[in-house]
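What follows is a single structure, written as structure tokens, with notes after it.
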Amino acid sequence: MTIIKLGVNIDHIATVRQARKGFEPDPAAAAVIVELAGADSIVCHLREDRRHIQDRDVYVLKETVSTRLNLEMGLADEIIDIALKSKPHQVTLVPEKREELTTEGGLDAVQFKEKLQKIVPVFHQNGIVVSIFVDPERDQIQAAKLVRADMVEIHTGRYANAKNAEDVRVELHKLAEAAMMARNVRLGVAAGHGLNYRNVGPVTKIMEIEELNIGHSIISRAVLTGLERAVREMKEAINRKNY
């Protein structure tokens, strides 16, 4: 049975810190605990409004993370410049709206094809792996391949928010089809958004998915159980054979 990797998003460690504009909790310290608990990568999102992760966090994390640093980011020139200077192991290109509470859907790789065709080679020239966060749709997978991304992260939000069993089935089928499409065109396949300890099981049965990126659910549980235990419990939930 293939072991699915877990990337842990630590944005909300920084959210707590920014509530007081202070120094703690420190995302870099959290990253150490997360890695010791078995996470395969650290994920953070440097947003234009800097609502949680700050520029300095990205540079510090790049120097301290011992697994992989996956920087989620929009296509603003300012953020691109920081990514090229800090050189994370991977960038995941996402859409971004200032008024949203969290990322609401995948990046429209069709609409932004020209921008992506210009910037993806620049990341590659700097030794940075490129993933595009996309909705589970054929044209988005095809566009990601066209712009020479290395992988896609399939948006699982509609599955996570499905209200009844039939909707869950339909959305899960879309995820499985998208993952197969991506694998067939030799793209790496990750998935994430809205996944938690209750709904992650069925997603792990999609054979093409190599990695799940999860943040809010883990940090929420960590408030009550501790960060190391919360990460270990998610690893167990992902790799459990029977659901």
Which FRET efficiency value, to the nearest 0.05, do you get for Val32 and His124 by plugging their Cβ-Cβ distance into 1/(1 + (r/R0)^6) with R0 = 35 Å?
-> 0.75
In debye, nearest 20, what is the charge dipole magnitude of the chain about its Cα centre with +1 on Lys and Arg Cβ and -1 on Asp and Glu Cβ, if you could check?
-> 420
What one gets for the stretch 25-112 as the Kirkwood radius, inverse of mean 1/r over different Cα pairs in Å, is 13.6
Hey, what's the Cα Rg ratio for the stretch 132-210 versus the globular rule of thumb, 2.2 N^0.38 Å?
-> 1.03
Can you list the aspartates and glutamates whose alpha carbon sits under 19 Å from that of Lys163, skipping same-chain ones fewer than 8 residues off?
-> Glu104, Asp135, Glu171
Residue-count net charge about Ile33 - beta-carbon cut-off 13 Å; Lys, Arg +1, Asp, Glu -1 | -1
Exactly which trypsin sites (Lys or Arg not before Pro) in the stretch 196-243 are in a DSSP loop and have at most 14 other Cβ atoms within 10 Å?
-> Arg198, Lys205, Arg240, Lys241
Cross-link table Lys85/Lys145; Lys21/Lys87; Lys5/Lys115; Lys145/Lys174, entries beyond 22 Å C-alpha to C-alpha = Lys85/Lys145; Lys21/Lys87; Lys5/Lys115
Mean Cβ neighbour count within 10 Å, used as a protection proxy, ranking 118-128, 26-36 highest first | 26-36, 118-128
Which of His173, His216, His52 comes first, and how do the rest follow, when ranked by fewest Cβ neighbours within 10 Å?
-> His173, His216, His52
Neighbour-count ranking [beta-carbon atoms within 10 angstrom, fewest first] of Val223, Val203 = Val223, Val203
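Every read-out reported here was derived from the displayed coordinates using simple, explicitly stated rules and does not represent laboratory data. Being a predicted model, the structure only gives us computed values, none of them experimental. Every residue, glycine among them, receives a Cβ derived from its backbone with ideal geometry; neighbour counts consider all protein chains shown.
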